[in-house]
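One structure is given below, encoded as C-alpha cells.
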Amino acid sequence: MGSAEEDYNFVFKVVLIGESGVGKTNLLSRFTRNEFNHDSRTTIGVEFSTRTILVGDAVVKAQIWDTAGLERYRAITSAYYRGAVGALVVFDITKHQTYDVVDRWLKELYDHAEASIVVMLVGNKTDLAQAREVPMEEAKMFADNNGLLFVETSALDSTNVEQAFETILKEIFHKVQKQKQRSSQGNTVSLASESPESTTLAQTEKRPCCVAL
Amino acid sequence: EYEEKTGRAHRPLSPKQNVRKNLDFEPLSTTALILEDRPANLPAKPAEEAQKHRQQYEEMVVQAKKRELKEAQKRKKQLEERCKLEESIGNAVLTWNNEILPNWETMCCSRKVRELWWQGIPPSVRGKVWSLAIGNELNITHELYDICLARAKEKWRSLSTGGAEVECEDAGFSAADREASLELIKLDISRTFPNLCIFQQGGPYHDTLHSILGAYTCYRPDVGYVQGMSFIAAVLILNLDTADAFIAFSNLLNKPCQMAFFRVDHGLMLTYFAAFEVFFEENLPKLFAHFKKNNLTPDIYLIDWIFTLYSKSLPLDLACRVWDVFCRDGEEFLFRTALGILKLFEDILTKMDFIHIAQFLTKLPEDLPSEEFFTSIAAIQMQSRNKKWAQVKKMLVFDNR
C-alpha cells in the first residue's frame, strides 16, 4: 500500500438527492456523459455513473449515485448514503415546493451519512428563468446559513453543471488532504486510522481491484 | 464553443436540443386554455357557433380547475403522510440509538421494544439491530472473512487462467462442482434485484455481492452456493458493511431451518412443510381445503419464500420488515408470515385454480398494503391444540422416522 501514485488516486462517492422531477438524473447524465434527455422517466432504483477528473495533480474518480425512490424504497436508504463523502441537494428554481422541502432532505442526509459529508445546494433549471419561483439570493442565504456550498445550474443548456461537480469534488479533496496531514502528524498508519471520521474518508482511497473474474 | 469550455469531445448539441420541451404541461385554466376568435382574414363565427364554443370553453375550464384542485389536494395529502412517516421514523431512530442499543441486553426483550420493533426498524439502525439479533454464534471475525475472500480470489484466478486442477483440501468436493457453483454465482448476481441496478455488472455493489458469496463457498464448501443465497446476501449488503454482512449471512444460514433448506435435506424440508400445514389447517380451514382440492402443496410457494426469505416475492420494504421480526423470532415467523399472506388474500385465492394461485403467490402485488399485511400476520395463531411451532415440528420429526 501507498505508492506515490496510489496516494493521489481517489474514489469519491457523491449522492444526488431532492424531490422527484428536479432534474437529478439529467445533472448526472450531463456531467458524466454530456447528455440531456427530455423524456427521462422516473428513476427506479439507483442510477450510477462515474467520471474521472483532475483535481490539482490528483486523479479523482467521482462515483455518483442518483435515485428517485428513496421515499418509495426505504429499504435502500442505508446503502445509498453509506460511504458518501459528498451530496448534491437539488431543487427546481421554478417550483417553490421543491425548495421548501430541502431541509427535510438535509435532515434525512444527516441522519444517515457521516457528519463530515460535504453538501452542496443546487438550484436547477436556470434555463427557465422566466418561470423562476425561488430567488437566487434566498437560496444562497439559506446555503450560507447552513454551511452548504451553493450553485445554480441548467442541466439542459449545461450552465454550471461542470463547475458544480468540480467544486464539490475539490472541496472533498481538500478535506481528505487535511485529514491525511492530521493523521500523518499523529503518526497513524495512513489508512487504518481509528477515528471514525478519517476512516470514512480514508475508505475513499482507491483500492486495488477487488475481483478478478 | 461549448466543447472548448469543457474540454471534452462529445457530439455537438443541435440547437433543437437546447429547447426544453413542454413536457410537464399542466391545464392551468388561466394560461393554457385560451378561447380565441377566428383570425381576422376569415369570416367571423355565426353567433350560435360562437355561443356553443364559449360554452364548451367554460366547461373545459371548469373541468381543468376541478382536476387541478383534486391533484393539489392529493399532493398535499401525500406530502402530509410523508412528513408524518418521516417524523415517526425520526423519533424511532432516537429511541433506538439513545435508549435501546446502549442497553441491548436488558431492553431487547421488553414489551415496549417489541412493539417498536414490530413497527419496522428504521433503515439507519436496521443493520445494527439485525446483527445483534442474529448474533455471531460462529464467532466469525473480519480476519476470517478476509482469509475466505483471499481463498475465493485465488480460486477465481486459477479458474480464469484455465490453470491446472486446483488442489483442494476439502476432499469430496470436486473442482467441477466448484466451477459450476462459481458460474452460478455470476449468473445469479445479475438476476438479483435487477430493477435496483445496484448489484448488476458495473453497479456499486456488484463486487461486494460477488465477494461475499465467493467467500461463503470457501467458508462452507460443504454447503457451497445455492440459488436464493444471492438475495439474502444482497439484502444484508444493503444494510451492513461487507465483513459484517458476511458474518450475518453465515450465521443466518447456519440456523436450523436455513441449513435444512440450503443443504436441500428433503426429509427435514418435508417436516417443515408438514408442520406448516398443521397451522394452515388450524388457521384457515376453508382455504386449506381449497388448496388440497387443487393439489396445491406448500412446496410450490414456500420454497421460493423460504429460500429468499421473502425478498424476491414481497416488495422490498415489506420484506425488510419481515426480516426485522424474523431476526428476532426465528423460523416460526417465516411460516407465520406465509399464513399471514394466505389469510390476507384468502378471498381471491379461494376463487383461483392451481396455476393462478401458484403464479399469484410467487409474485405478490407490488402495492401490497403494509398495515393490512402485518395485521393479517398478527392475527395468525401459532398454536395448534396447545402445541407450539417447535413442539409440532418435533412431533413430526419423530413421525418421519
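The values are calculated or read from the model by the stated rules, or taken from the named source; none is laboratory data. Note that the structure is a prediction, hence the values are computed from the model and not measured. Glycine also receives a Cβ, built like all others from the backbone with ideal geometry; neighbour counts cover every protein chain displayed. The protein model used for the area step is the full one, side chains on, heavy atoms only, and it has no ligands, DNA or RNA in it. Shrake-Rupley method; radii C 1.70, N 1.55, O 1.52, S 1.80 Å.
For the reader, a short list of remarks on this structure follows.
- Taking the Cα centre of chain B as origin and assigning +1 to Lys and Arg Cβ atoms and -1 to Asp and Glu Cβ atoms, the resulting dipole is close to 960 debye.
- Rounded accessible area of B:Y225 (nearest 10 Å², 1.4 Å probe): 20
- Chains A and B together, accessible area buried on both sides, 1.4 angstrom probe, square angstrom: 4100
- Share of carbon and sulfur in the accessible area of segment A:8-147 stands at 49%, probe radius 1.4 Å.
- Computed label-point distance, nm, for sites B:I348 and B:L69 using a 7 Å Cα→Cβ extension: 3.5
- Cα gyration tensor shape for chain B, rounded if a/c is under 1.5, else prolate or oblate: prolate
- B:K394 paired with B:S370, simple spin-label distance in nm, labels 7 Å along Cα-to-beta-carbon: 3.7
- Net charge dipole size for segment A:128-177 [Lys, Arg +1 and Asp, Glu -1 on Cβ; Debye, nearest 20]: 180
- Pairwise label distance in nanometres, B:E105 with A:L54, each label 7 Å out on the Cα-Cβ vector: 5.8
- Only protein heavy atoms count here; on that basis, with a 1.4 Å probe, B:L144 has an accessible area of about 50 Å².
- Here the Gaussian network model covers chain B, with springs between Cα atoms less than 10 Å apart; of B:L33, B:L184, B:L149, B:L33 fluctuates the most.
- Proximal lysines relative to B:K76, as straight alpha-carbon distance under 26 Å, when same-chain residues fewer than 8 apart are discounted: A:K24, A:K95, A:K107, A:K125, B:K65, B:K66, B:K84
- Per-residue SASA entry for B:R114, accessible area with 1.4 Å probe, Å² rounded to 10: 100
- Hz values of 3J(HN,Hα) by residue in segment A:117-122 - Karplus curve (6.51, -1.76, 1.60), Gly and Pro given as x: 4, 8, 10, 10, 8, 10
- Excluding ligands, DNA and RNA, the accessible surface per residue across segment A:10-183 is 38 Å² with a 1.4 Å probe.
- Selection from B:L309, B:Q383, B:M395 lying farthest towards where the dipole of segment B:258-400 points positive, charges on Cβ: B:M395
- Sparsely packed GluC sites (Glu not before Pro) within segment A:127-189, loop by DSSP, other Cβ within 10 Å at most 14: A:E133
- Listed residues B:N239, B:N386, B:N91, most fluctuating in chain B (Gaussian network, C-alpha, under 10 Å): B:N386
- Sites excluded, GluC sites (Glu not before Pro) in DSSP loops with at most 14 other C-beta within 10 Å, longest stretch of chain B: B:170-365
- Cα gyration tensor shape of segment B:268-390, rounded if a/c is under 1.5, else prolate or oblate by comparing a/b with b/c: rounded
- 12 Å beta-carbon shell around B:I140, net charge (K/R +1, D/E -1): -3
- Candidate lysines - alpha carbon under 29 Å from B:K186, same-chain residues fewer than 8 apart omitted: A:K13, A:K61, A:K206, B:K128, B:K153, B:K155, B:K255, B:K312, B:K363
- Membrane-span-like helices in chain B, defined purely by DSSP H runs whose alpha carbon atoms cover 15 Å or more axially and whose average Kyte-Doolittle hydropathy reaches -0.5, are B:123-134, B:175-189, B:206-219, B:229-239, B:242-253, B:266-283, B:316-329, B:331-344, B:389-400.
- Using only side-chain charges placed at the Cβ, +1 for Lys and Arg and -1 for Asp and Glu, the dipole size of segment B:312-381 relative to its Cα centre rounds to 160 debye.
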